[in-house]
Amino acid sequence: MDFSPALLSFLRKARRVVALTGAGVSQESGLRTFRDAQTGLWAQYRPEDLATPEAFRRNPKLVWDWYAMRREMVRLAEPNPGHFALVEMEKRVFEFTLITQNVDGLHRRAGSVNVLELHGNLQQVKCSVCGEAAAAWEESDLGVPQCACCGGLLRPDVVWFGESLSQDALQAALQAARTCEVFFSIGTSGLVKPAASLAFLALERGALVVEINAESTPLTGKADFFLQGKSGEILPVLVKAIW
């Protein structure tokens with residue numbers, strides 16, 4: 001795989017690098033997207049039946065069971081070479097920020113440290129009433145575990161449709177995009193906002209933007225470099241070529 005000498009030279013000198021990852025990275029670990037996972041018994045439900053605050057209030061056990069199934073899928077998955085290449089990049093760059101839209105936690109399992117999980121983490125659980133995180137829980141007669149602090153029903157600590165992102169994570173992501181020298185957009189469609197705006201913000205601030213994706217996106221025509229293919233194949237070779 002050949003890379004532009006100009007790209008490699010710039011990356012070797014860069015001190016502030018941001019990588020934004022999306023569902024394409026997780027799919028290479030065998031994880032299906034939210035909608036792709038709606039097979040079998042789950043095919044009869046709409047996303048609005050499974051991933052909104054209203055759905056949880058209406059049928060908390062249905063929502064809890066759906067996410068329990070997805071947690072099990074994630075537990076059985078393993079980080080792929082793309083995840084590990086980003087870990088290696090973080091070790092070698094002075095200031096590296098990994099922003100992810102994925103909720104599977106595979107970046108942290110691979111060893112990434114400075115991770116901003118914009119949409120939360122499927123493996124984490126919090127109270128739907130008081131917001132307190134729950135490190136462990138027991139099944140209850142209600143079919144959904146209850147908060148040890150207030151008795152409220154526990155829910156996955158992910159951002160549902162109609163909910164706002166964590167302002168701390170979003171502001172940190174915006175700041176990283178504003179100040180980076182290189183911005184990687186990896187395995188993301190570029191359609192889900194506000195994450196989709198981050199690469200364009202980096203462009204406006206003069207950063208070099210590199211897109212790695214199997215297909216073109218709204219960002220492709222604006223990016224400085226478009227590396228077409230799987231991140232698990234491209235990133236390890238790119239990291240090796242740089243260092």
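The values are calculated or read from the model by the stated rules, or taken from the named source; none is laboratory data. This is a predicted model, so every value here is computed, not measured. All Cβ positions, even for glycine, are placed from backbone atoms using ideal geometry, and neighbour counts span all protein chains on display.
Could you grab me the full set of residues in region 113-133 that are under 21 Å from the mean Cα position of the chain (by Cα) and not in a loop (DSSP other than H, G, I, E, B)? Step through it out loud before you land on a result.
Here is the first cut: in region 113-133, the residues under 21 Å from the mean Cα position of the chain (by Cα) are 113-126, 133.
Answer for region 113-133, where residues must be under 21 Å from the mean Cα position of the chain (by Cα) and not in a loop (DSSP other than H, G, I, E, B): Val115, Leu116, Glu117, Gly120, Asn121, Leu122, Gln123, Gln124, Val125, Lys126, Ala133.
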remark   = Within region 125-173, restricting to residues that are free of Cβ contacts under 8 Å to residues at least 60 places away in the same chain and acidic (Asp, Glu), the one that is nearest to Phe96 (Cα to Cα) is Asp168
task = Output the number of the condition that Asp49 fails; it satisfies all remaining conditions of (1) at pLDDT below 95; (2) closer than 21 Å to Glu233 by Cα.
result = (2)
key: Any pair with Cβ under 7 angstrom, 6 or more apart, that starts in region 5-23 at a residue that is in contact (Cβ under 8 Å) with a residue 12 or more places away in the chain and ends at one that is of a type in the set (Gly, Ala, Ser) and outside any loop (DSSP other than H, G, I, E, B)   = Leu8/Ala241; Val18/Ala176; Val18/Ala177; Val18/Ala202; Leu20/Ser185; Leu20/Ala195; Leu20/Ala199
ask   = Which residue, of Val192, Val210, is within 20 Å of His83 (Cα to Cα) and within 19 Å of the chain's Cα centre (by Cα)?
value = Val210
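Assess whether Glu163 counts as being surrounded by fewer than 19 Cβ atoms within 10 Å (Cβ to Cβ), more than 22 Å from Gln124 (Cβ to Cβ), touching a helix residue (DSSP H, G or I) at 6+ places or on another chain (Cβ under 9 Å) and acidic (Asp, Glu). Break it down into steps so the answer makes sense when it comes.
Details: surrounded by fewer than 19 Cβ atoms within 10 Å (Cβ to Cβ): yes; more than 22 Å from Gln124 (Cβ to Cβ): no; touching a helix residue (DSSP H, G or I) at 6+ places or on another chain (Cβ under 9 Å): yes; acidic (Asp, Glu): yes.
Here the answer is no, as Glu163 does not meet what is asked.
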inquiry  = Given the criterion of a type in the set (Lys, Arg), in the same structural domain as Leu198 (by TED's automatic domain parsing), within 22 Å of Val182 (Cβ to Cβ) and in contact with a helix residue (DSSP H, G or I) (Cβ under 9 Å, 6 or more places away or on another chain), identify the matching residue among Arg92, Arg109.
reply    = Arg92
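Tell me which residues, restricted to region 60-109, are hydroxyl-bearing (Ser, Thr, Tyr) and out of contact with any Pro (no Cβ under 7 Å at 6 or more places or on another chain). Don't jump to the end; show me each part of the working.
Of region 60-109, the ones hydroxyl-bearing (Ser, Thr, Tyr) are 67, 97, 100.
If the condition is that a residue be hydroxyl-bearing (Ser, Thr, Tyr) and out of contact with any Pro (no Cβ under 7 Å at 6 or more places or on another chain), then Thr97, Thr100 are the ones that fit.
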Of the criteria (1) over 30 Å from Lys193 (Cβ atoms); (2) under 25 Å from the mean Cα position of the chain (by Cα); (3) surrounded by 14 or more Cβ atoms within 10 Å (Cβ to Cβ), which one Val158 fails = (1)
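Yes/no per residue for (1) at negative phi; (2) in contact with a helix residue (DSSP H, G or I) (Cβ under 8 Å, 6 or more places away or on another chain); (3) surrounded by fewer than 17 Cβ atoms within 10 Å (Cβ to Cβ):
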site: Cys150; (1), (2), (3): yes, no, yes
site: Ala172; (1), (2), (3): yes, no, yes
site: Phe184; (1), (2), (3): yes, no, no
site: Pro194; (1), (2), (3): yes, yes, yes
site: Glu215; (1), (2), (3): yes, no, yes
site: Ala223; (1), (2), (3): yes, yes, no
site: Phe226; (1), (2), (3): yes, no, no
site: Gly232; (1), (2), (3): yes, yes, no
